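A.B. asks: The structure is given below, and queries will be raised subsequently.
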Amino acid sequence: MNILKLEKSKLSGLLKSWNDDFEVMVPAVENGNLVFGNLGDYEPVLDFNGRPLLPPKEFMFPQIEKTFSFNAADNTKIGIETHLDNTKRVIWGIRPCDLKGIKTLDTIFLSKYVDAYYEARRNNTILMGLNCNEPCNYGFCSSCQSGPFANGDFDILFTDLGSDYLVNIGTKQGEKAVSKSLKLFKTATDADQKKASDIEAASRKAFKNLPAMATAQQRLPQYWDDVLWKQESVNCILCGGCNFVCPTCHCFNIEDVACDKQISTRMRYWDSCQLGGFTQMAAENTRPLQEERLRQRIFHKIVYTPDLYDGALGCTGCGRCIEVCPVEIDITHIIGRIKVK
Amino acid sequence: MQKRILTTCEFCGCGCNFYLGVENERVTAIHPSPSHHVSQGRLCIKGWQGHEYIHSKERLKTPLIKQGNGFREASWDEAYELIISKFNQIKKQSGSDSIAVLASAKCTNEENYLLQKFARTVIGTNNVDHCARLCHASTVAGLATTFGSGAMTNSINEISDAEVIFVIGSNTTEQHPLIASKIIKAVKKGAKLIVADPREIQLAKIADLYMCHRPGSDVALMNGMMNYIIAEGLADEEFIKTRTEGFEEFKNAVADCTPQQASQMSGVPIDDIKRAAKTYAASKKSTIIYSMGITQHTTGVDNVMSCSNLAMLTGNIGKQSTGVNPLRGQNNVQGACDMGALPAVFSGYQAVGVDANRQKFEDAWEVKLPGKGGLTATEMMEHAASGSLKAIYIMGENPMISDPDINHTEKALKTLDFLVVQDIFLTETAKLAHVVLPGVSFAEKDGTFTSTERMVQRVRKAINPIGNSKPDWQIIVELSNKCGYKLNYASPREIMQEIARLTPSYAGISYERLENGGLCWPCPAPDHPGTPVLHKDKFTRAGGLGKFMPIKYKLPAELPDSEYPFVLTTGRIGFHYHTGTMTRKAWALDREIPTGYVEINKNDADRLSIGNNQMIKVSSRRGEISIKSRVVKTIKEGVVFIPFHFAEAAANKLTAANLDPVAKIPEYKVCAVKLERA
């Protein structure tokens, strides 16, 4: 399909046009925090820097989720009720790092073993990205090939050109979403596309102190036994924040929770490999020390994920793990330390 | 669809804010708040995943009345009527002072204010106290004496800019993670960290100097440091001359506590004591951070006042990034104290014994009020056991796990004629009650908490009360009305209006203002911005001068001997909160540490043929427990550590109710035990 252009002033109307059929999630500001909020409840903020602290993975993979409930009141048969969320959603303003994150989660949850709960939410969600015209505070996405502009993984992609957006349609689903509102759009000119290119180049150039991510996968294994893991993890308070805010982290725990005497629900919760209980088994803990768990997290992002998933880096360079860490453990700092052996 | 409600954390005194994401009356997400000044978008694991207890099926959903060995469900009216008739009967037979009230450091300011009001107006007694007695009573007494104000003198964020940080008796990483965050930030910027603790806590690993002193030797250690500071001419003479009094007497008191003496008494090498002293005195941005390790001793008040002495000696008080900073444990223990849930004061620390104060409250509350100070929480148990105290009304506290010598507490509570417990779970204490009233969690009510930096912040209702439970403030209002003392508040907002009217330090606080963020008391007027730094130009003490106190080292009450050769020191861990009623019901925390353990030094364990993760018996003169061993290298030989969160391996079965004579706080940090293989 063509590449389109939308006057900025028309975006609000476009978002509202989806509100009848979809739950529309937009960037909003709450108590000074950038968040994703529902269009009905929040005033969208369309000009903003950076991304919310929590990635949009929450919409597909919630922090706390009911999977199914079972009712054992009748001994002869157990009633099972599956909880699938088929709410139709549009999420507008997803940054390239987060688009990449969702792509990674798709690979995890929708490949050989399909996760029905993720699938239901994912299939009903339309992803609308927004490129980054400048680096954000903590981001290093350009060194991870996941920003500042997206090169895929979206239904629709917006680029802020100043008074207009360049609008790339990426999928049939994206095409369908704008089909009823085509009159709002114009066709983008070559000049518009060149402008977007220039903005991308300028954005890319503006990153400072990028970690050498491209070669990290090869170098890291040499540092398996290095003292750096102990040094870098010395202050870790085991909060789990780095995993919770990571766009690609997807580990979860299952607990059967009794709601009352008859009904129990199998709940799914986000889990964190930084906690001891994550690997605790009857006889032993395979990662008893904090340094082993930090190493695990870094290796999983940079070594294991590319190994398992055709070279796809597990880190999208969003910088949230650095931002959320109460003791400033910094993946870019760690990558920086493995430059020279 | 998920709604997000900004609220204040219900666990520790850091006072982090986050959003509770709720959908269909259930908490389904936690969103940190990057704009919050302390939290800055960061949380500990309790903040992230510690809230599942809210939806536990064990939540109390209806009032309960004792029947046989158990309980039967009852209506609110029936429960209230029983409480009122029993209180009236006991009041008539034995007087108002035979009834006591324990308020709650977990409940809101509004609720604590109402409960002490209830005790004083309806019951007619000053027998009001709460668990601050067990944790920072030494702070309140000690700092009030030396500075005039018993609270953290500086703000949390200033810690990041300190040049020297002296942490004594605080395992900050586990107890106040977001404050440890500031300490670590300061260290990364080049600050010098000095840690003094009988256990090699996590902060010790990044400290410039770690001193492993004997439990209870804090005065010796600090006197040794101060003796050296004076001897080396490092004291701030200008500050001492212009801002303090009592220096000469203090100087004489520390004169014979040389670093050598101090080393003998504390077990810390002489050079380390000197280095600690020199480092601390060398900067004008030195701050002292302390917690239970200092306060929970028979010399708790002395320990706290030694911290004051040290700060005044070097002029490190009343300035940015300095101060004497007690880290208040509970989310609202500071507030519960501020609200007057204490036996000798009304809200704002206005003494009940001072006629003018009593007159003010009598005018406001329209009833005659008792002027004699009441019983402290620790004294309540003594009087209950002896039979002179007949009834206790407990809100949100679990003395059956948190009191010292809980075998004695159990006897005391069982001796009572009548026990009412208001809580969200049927705790070990609630199990002994005659009437149980179901209150609500922080997610089900509006109110305010006051954090350790004296910051008053909003707690916002996110879901409706579970089952037939009621917000605690509502229960007190209904009970009071049924007793004939009319209370009429449409909401906690109005309760805060009354608090502000009667409490000078809270006078400028209102829900309107709190919508824009927290306020640090003293906030004496509606346009006052709040006071992050105390004692700037003068101390809040009458006369404006800080008081040096002459303090001599005294030994702990129960020392190890041949029969009980180990020192037991108790404390907390980062995954669980106090008596575990909430955290042990969150899978993420329970999975980390599912049950109690005793830390034993490896050499001691080897000597006793105790292996790791083995069930052993630990006993004291008070009782014994079976508990798993955890062999470590991070604790001094001759010392063992047990976290007090686990009812089935209750540390407090072993501890003794040896109290500080002034603060009446128990010596949880030192008692004598023996270890045996099970």
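The values are calculated or read from the model by the stated rules, or taken from the named source; none is laboratory data. No experiment lies behind these values; they were computed from the predicted model shown. Note that each Cβ is placed from the backbone with ideal geometry, even for glycine, and that neighbours are counted across all protein chains shown. Side chains are part of the model used for accessible areas, which takes the heavy atoms of the whole protein and leaves out ligands, DNA and RNA. Shrake-Rupley method; radii C 1.70, N 1.55, O 1.52, S 1.80 Å.
A.B. asks: Summing -39500 (n - 2.57) over the DSSP H runs of n ≥ 4 in chain B and dividing by its residue number, what mean residue ellipticity at 222 nm do you reach, to the nearest 500 deg cm²/dmol?
C.D. replies: -8500 deg cm²/dmol
A.B. asks: For an R0 of 30 angstrom, estimate the FRET efficiency from the Cβ-Cβ distance between A:MET281 and B:GLU382 and round to the nearest 0.05.
C.D. replies: 0.05
A.B. asks: Which listed residue (A:CYS259, B:GLY233, A:PRO148) has the Cα farthest towards the positive end of the charge dipole for the protein assembly as shown, taking +1 on Lys and Arg C-beta and -1 on Asp and Glu C-beta about the Cα centre?
C.D. replies: A:PRO148
A.B. asks: Quickly estimate the mean residue ellipticity at 222 nm for chain A, helices only: each DSSP H run with n ≥ 4 gives -39500 (n - 2.57), and the total goes over all residues, rounded to 500.
C.D. replies: -7500 deg cm²/dmol
A.B. asks: Among DSSP beta bridges whose residues both lie in the range A:4-336, state the antiparallel percentage, nearest 5.
C.D. replies: About 75 percent, rounded to the nearest 5.
A.B. asks: Also, I was wondering about something else. Sort out the exposed loop chymotrypsin sites (Phe, Trp or Tyr not before Pro) in chain A (DSSP loop, at most 12 other Cβ within 10 Å) and tell me the longest stretch that has none.
C.D. replies: Maximal segment without exposed cleavage sites: A:225-341.
A.B. asks: Of B:LEU310, B:VAL27, A:PHE109, which is farthest along the charge dipole of the protein assembly as shown in the positive direction, counting Lys and Arg as +1 and Asp and Glu as -1 at C-beta?
C.D. replies: My answer, from the dipole projection, is A:PHE109.
A.B. asks: Just checking the output field for A:229-235: average partner chain Cβ neighbours within 10 Å of each residue's Cβ?
C.D. replies: Across the residues of A:229-235, the mean count of other-chain Cβ atoms within 10 Å is 2.
A.B. asks: To continue, here is another question. What's the total accessible area buried between chains B and A, using a 1.4 Å probe, rounded to the nearest 100 Å²?
C.D. replies: The buried area between B and A, both sides summed, comes to about 3600 Å².
A.B. asks: Here's something else I'd like to know. How crowded by other chains is B:14-22, given as the mean number of beta carbons from other chains within 10 Å of each beta carbon?
C.D. replies: Going residue by residue through B:14-22 and averaging, the value is 1.
A.B. asks: Here's a follow-up. Between A:GLY147, A:GLY32, A:GLY319, find the one with the highest GNM mean-square fluctuation for chain A; connect C-alpha pairs within less than 10 Å.
C.D. replies: It is A:GLY32.
A.B. asks: Tell me the accessible surface of A:MET281 in square angstrom (1.4 angstrom probe, heavy atoms of protein chains only), to the nearest ten.
C.D. replies: Roughly 100 Å² of A:MET281 is accessible to a 1.4 Å probe.
A.B. asks: Which helices of chain A meet both criteria: a Cα extent of 18 Å or more along the helical axis and a mean Kyte-Doolittle score no lower than -1.0, with helices taken as whole DSSP H segments?
C.D. replies: The answer, listed by residue number, is A:96-109.
A.B. asks: Moving to a separate point now. Report the FRET efficiency, 1/(1 + (r/R0)^6), for A:GLN231 and A:VAL45, where r is their Cβ-Cβ distance and R0 is 45 Å, rounded to 0.05.
C.D. replies: 0.65
A.B. asks: For the protein assembly as shown, what is the charge dipole size about the Cα centre, in debye to the nearest 20, if Lys and Arg each add +1 at the Cβ and Asp and Glu each add -1 at the Cβ?
C.D. replies: The dipole of the protein assembly as shown has a size of about 720 debye.
A.B. asks: Can you tell me the accessible area per residue over the protein assembly as shown, all protein chains present, probe 1.4 angstrom, in square angstrom?
C.D. replies: Per-residue accessible area for the protein assembly as shown comes out at 36 Å².
A.B. asks: Taking 0.36 nm per residue of sequence separation and subtracting the Cα-Cα distance, how much length would be gained by fully extending the chain between B:LYS92 and B:GLU362, in nm to one decimal?
C.D. replies: So the chain would gain 95.0 nm between B:LYS92 and B:GLU362.
A.B. asks: Let me spell out the model: positive unit charges on the Cβ of Lys and Arg, negative unit charges on the Cβ of Asp and Glu, origin at the Cα centre of the range B:566-677. What dipole size does that give, in debye rounded to 20?
C.D. replies: 60 debye
A.B. asks: Here is a further query. What is the distance, in nm, between label points placed 7 Å from the Cα along the Cα-to-Cβ direction at A:LEU84 and at B:ASN252?
C.D. replies: Output for this residue pair reads 8.6 nm.
A.B. asks: Of A:ILE64, A:ILE334, A:ASN285, whose Cα points farthest to the positive end of the dipole of the range A:4-336 (charges on the beta-carbon: +1 Lys, Arg; -1 Asp, Glu; origin at the Cα centre)?
C.D. replies: A:ILE334
A.B. asks: Using only alpha carbon pairs under 8 Å that are at least six residues apart, calculate the relative contact order of the range B:153-326 and give it in whole percent.
C.D. replies: Answer for the range B:153-326 is 32 percent.
A.B. asks: Now, a different point. Set the Förster distance to 56 Å, then compute FRET efficiency between B:LYS431 and A:ALA201 from the Cβ-Cβ distance, nearest 0.05.
C.D. replies: 0.20
A.B. asks: Using a simple spin-label model with points 7 Å from Cα along the Cα→Cβ vector, what separation in nm is obtained for B:GLU624 and B:LEU234?
C.D. replies: The answer from the label model is 4.9 nm.
A.B. asks: I would also like to ask the following. Treat every Asp and Glu Cβ in the range A:149-264 as -1 and every Lys and Arg Cβ as +1, leave all other atoms uncharged, and give the resulting dipole magnitude about the Cα centre to the nearest 20 debye.
C.D. replies: Using only the charged Cβ atoms, the result is roughly 420 debye.
A.B. asks: Still on this structure, please answer the following. Can you give the percent of C-alpha pairs in the protein assembly as shown whose distance is more than 44 Å?
C.D. replies: Distances greater than 44 Å cover 37 percent of the Cα pairs.
A.B. asks: Points 7 angstrom from Cα along the Cβ direction at B:ASN488 and A:THR171: gap in nanometres?
C.D. replies: 6.1 nm
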